[in-house]
1. Mind listing which GluC sites (Glu not before Pro) in the range 1-88 are in a DSSP loop and have 11 or fewer other Cβ atoms within 10 Å?
2. Which residues among the range 40-77 fall inside the zone where the amide N is under 18 Å from a point 7 Å beyond the Cα of residue 130, along Cα→Cβ?
3. For the chain, what is the calculated [θ] at 222 nm in deg cm²/dmol (nearest 500), taking -39500 (n - 2.57) for each run of four or more DSSP H residues and dividing by its residue count?
4. Would you mind telling me the share, in percent, of accessible area of the chain contributed by carbon and sulfur at probe 1.4 angstrom?
5. When only DSSP loop residues count, what trypsin sites (Lys or Arg not before Pro) in the range 50-84 have their Cβ near at most 16 other Cβ atoms within 10 Å?
6. Residue 116 label point, 7 Å along Cα→Cβ, cut-off 18 Å on backbone N: hits in the range 13-38?
7. In Å and on Cα atoms, what radius of gyration and Dmax does the chain show?
8. When ligands, DNA and RNA are left out and all protein chains stay put, how many square angstrom of accessible area per residue does the chain have with a 1.4 Å probe?
Amino acid sequence: MKKTGGDVDEFVAAVRPAKRQRDAARMIDLLREVTGREPELWGTIIGFGSCHYRSAAGSEGDAPIAAFSPRRESTTVYTLRTAAHGERLANLGPHETGVSCLYIKDLDAVDTGVLREIVAEDYRRVLAGETGDTTYTVTD
């Protein structure tokens with residue numbers, strides 16, 4: 001995955017439906033606060049910081065350290081592994097999960113304090129190199 005550049009504000013202004021656009025603006029504020037970094041576009045993903053990863057199985061590439069994408073059906077928040085956040089997820093509010101994604105249909109319906117904790121924990125783990133069988137090297 002590579003940074004694609006582009007204007008994040010213009011990208012968010014084009015997001016539909018309006019609820020997803022509102023949630024995207026709030027997610028930018030949340031991730032900016034947690035990471036201390038500015039948002040950058042990685043295609044349709046809004047990322048904060050960047051790193052190079054290498055898994056024990058040998059796959060490797062570049063990715064944002066913290067990221068989300070305002071998809072039509074839900075906001076997708078990217079995590080290291082959702083299973084690592086069991087208790088937090090139980091307290092988050094309505095959401096669905098994938099292996100490393102949280103799908104949130106309405107940011108107003110979840111506890112954003114808990115969401116902040118999830119993002120902050122993953123961000124801290126990448127910076128500290130505490131990520132299990134995948135190694136991450138921060139590149140900016």
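1. Answer in residue order: 73.
2. Within reach of a label on residue 130: 66.
3. -10500 deg cm²/dmol
4. Values: 3520 of 7110 Å².
On the chain, the fraction of accessible area on carbon and sulfur atoms equals 49 percent.
5. 71, 72, 81
6. Backbone N within reach: 23-38.
7. For the chain, the Cα-based Rg and Dmax read 14.3, 41 Å.
8. Accessible area per residue: 51 Å².
The values are calculated or read from the model by the stated rules, or taken from the named source; none is laboratory data. All figures in this text were calculated on a predicted structure; none of them were measured in a lab. Quick reminder, even Gly has a Cβ in these numbers, built from the backbone with ideal geometry, and neighbours come from all protein chains shown. The protein model used for the area step is the full one, side chains on, heavy atoms only, and it has no ligands, DNA or RNA in it. Shrake-Rupley method; radii C 1.70, N 1.55, O 1.52, S 1.80 Å.
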